[in-house]
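Trainee: Got a structure for you, written out below as structure tokens; questions coming shortly.
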Amino acid sequence: RHMVARLETFSGSLADIRAFCTVVDFGTISAAAKELVETKGSVSRRIARLEASIGIKLLARSPRAVSILDEGFEFYEKASAALALLDEARETVRTSQDVLRGSIRVTASHDVAAEILPGLISAFRKKHPQINFEIIASDTTLDLITNRIDLALRVKVGDLADSPYQAALLADVNIGLFASPIYLKGQRHLEMPSDLASQELILPRERPGPSHILLTRGQEEVRLALRPSIRASDFACVVRLAVAGAGIAFMPTMLAGEWIARRELVQLLPEWGFRGPKLYALTAAGRQKPARVREFRNFLALTLKPFRSGST
């Protein structure tokens, strides 16, 4: 009959092992105590406790000196190597908190992942090319810890005081009116929100019937009941429809910058608009974030600062 060896785990203290190895390295308990910033008595007790835990005498002690026994030397070789590996592992983890390298796993809605994240990540990686990204585009609210997500970009109405995550406000998703030069060619110039009633409109809504929209200009308000020509379930589609010349689109101003720069969109009635939801960066609460995640979150906040109300 085969015998299965019983595995035993070491139950001693790492601090005791480190004290023993330090005594061997420095040759005396006094020198080891000075190195460890402990008393001679404390180091002696550590050695005795270690020997008791493994059941083997490791050092021969006299009033003047200590000498390592054969069994002690064998233990020292393995123990010192193990301590070196542990120290290396600790330093690697500690360094990962401060060095900008590694991967960042980000989740965002399809709108944000398609229209906002690409430019932000591209700009960030020009500064930190050693950081890699994994983007999870999903309109489902994913649990950060379960899905090993470092940072989530979420668009929400109001604040997130009751959120289980740490939330940093990145931007107000203010809505403006945009159209392409293709659509505007030959159209009558818009002067007031009421002029929208005669236009082809693109709205990011799914419900049927007219959409009641409140446009503001400072303290002035105008409420309109508009019947769009096209409804789309997401802003990514709204943007493409507007660029294609399908009509005047209601969409976040932060999505339009690139298209305006390329002269493919023009903002209409720029003094008028309405405040939409807010864009937040969420991270798991109660955890020390790696430096790369902290840096990316700070980069997002700084880059999107112009889109936060009250920012200058």
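Trainee: How far apart, in nm, are two points set 7 Å out from the Cα along the Cα-to-Cβ line at GLU134 and at LEU169?
Mentor: Distance between the two pseudo-spin positions: 3.3 nm.
Trainee: Please work out how much accessible surface SER309 shows to a 1.4 Å probe, ignoring ligands, DNA and RNA, in Å² rounded to 10.
Mentor: Rounded to the nearest 10, the figure is 60 Å².
Trainee: Sticking with this one: Hey, what's region 150-202 come to in accessible area per residue, 1.4 Å probe, Å²? Kindly include the intermediate steps, with their values, before the conclusion.
Mentor: Details: 2720 Å² over 53 residues.
The answer is 51 Å² per residue.
Trainee: Another question about this same structure. Sort SER13, SER229 by accessible area with a 1.4 Å probe, largest first.
Mentor: SER229, SER13
Trainee: What pairs in LYS126/LYS278; LYS127/LYS156; LYS57/LYS78; LYS126/LYS305; LYS78/LYS289; LYS127/LYS289 have C-alpha atoms more than 23 Å from each other?
Mentor: Flagged as over cut-off: LYS126/LYS278; LYS127/LYS156; LYS78/LYS289.
Trainee: Label-point separation (nm) for ARG188 and HIS110, each offset 7 Å from Cα along Cα-to-Cβ?
Mentor: In this crude label model, ARG188 to HIS110 measures out at 3.7 nm.
Trainee: Nearest 10 degrees, 0 to 90: what angle lies between the long axis of helix 291-303 and the longest principal axis of the chain (Cα atoms)?
Mentor: Between the helix axis and the principal axis of the chain, the angle is about 20 degrees.
Trainee: So how tilted is helix 14-26 from the main axis of the chain? Cα-based, degrees 0 to 90, rounded to 10.
Mentor: Compared with the principal axis, the helix lies near 60 degrees.
Trainee: OK, next. To the nearest 10 Å², what's ILE68's accessible area with a 1.4 Å probe?
Mentor: 60
Trainee: Select one label from [x] 61, 45, 38; [y] 112, 53, 33; [z] 103, 57, 34: the one whose number is Cα extents along the principal axes in Å as derived from the coordinates shown.
Mentor: Calculated Cα extents along the principal axes in Å: the matching label is [z].
Trainee: What shape does region 102-151 have by the C-alpha gyration tensor, where a ≥ b ≥ c are the square roots of the eigenvalues, rounded means a/c under 1.5, and otherwise prolate means a/b greater than b/c and oblate the rest? Spell out each step's value before the answer.
Mentor: Values: a/c = 3.64, a/b = 1.33, b/c = 2.74.
Judged from the Cα gyration tensor, region 102-151 comes out oblate (a/c at least 1.5, b/c at or above a/b).
Trainee: Can you tell me the orientation of helix 117-127 relative to the chain, as the angle in degrees between its alpha-carbon axis and the longest Cα principal axis, to the nearest 10?
Mentor: 50
Trainee: Quick one: how many Å² of THR253 are accessible to a 1.4 Å probe, rounded to 10?
Mentor: About 40 Å², ignoring ligands and nucleic acids.
Trainee: Going 7 Å from the Cα of ARG262 along its beta-carbon direction, which residues of region 161-182 have the amide nitrogen within less than 18 Å of the resulting point?
Mentor: Those under the cut-off are 178-182.
Trainee: What order do LEU50, LEU268 take when sorted by accessible area (1.4 Å probe), most exposed first?
Mentor: The residues order as LEU268, LEU50, largest area first.
Trainee: Turning to a different aspect of this structure: If you stretched the chain out fully between ASP25 and ARG308, how much longer would it get, using 0.36 nm times the residue separation minus the C-alpha to C-alpha distance? Could the numbers behind the result be given before it?
Mentor: Values: separation 283, 0.36 × 283 = 101.88 nm, distance 5.94 nm.
So the chain would gain 95.9 nm between ASP25 and ARG308.
Trainee: Mean residue ellipticity at 222 nm from the helices of the chain, using -39,500 (n - 2.57) per DSSP H segment of n ≥ 4 over the full residue count, to the nearest 500 deg cm²/dmol?
Mentor: -11500 deg cm²/dmol
Trainee: Here is a further query. Over the chain, what percent of the accessible surface lies on carbon and sulfur atoms, probe 1.4 Å? Before the final figure, lay out the partial values.
Mentor: Numbers: 9630 of 18240 Å².
For the chain, the apolar C and S fraction of the accessible surface comes to 53 percent.
The values are calculated or read from the model by the stated rules, or taken from the named source; none is laboratory data. Just so we're clear, the structure is a prediction, and the values are computed from it rather than from any experiment. As a convention, Cβ positions derive from the backbone with ideal geometry for all residues, glycine included, and neighbour counts pool all protein chains shown. Side chains are part of the model used for accessible areas, which takes the heavy atoms of the whole protein and leaves out ligands, DNA and RNA. Shrake-Rupley method; radii C 1.70, N 1.55, O 1.52, S 1.80 Å.
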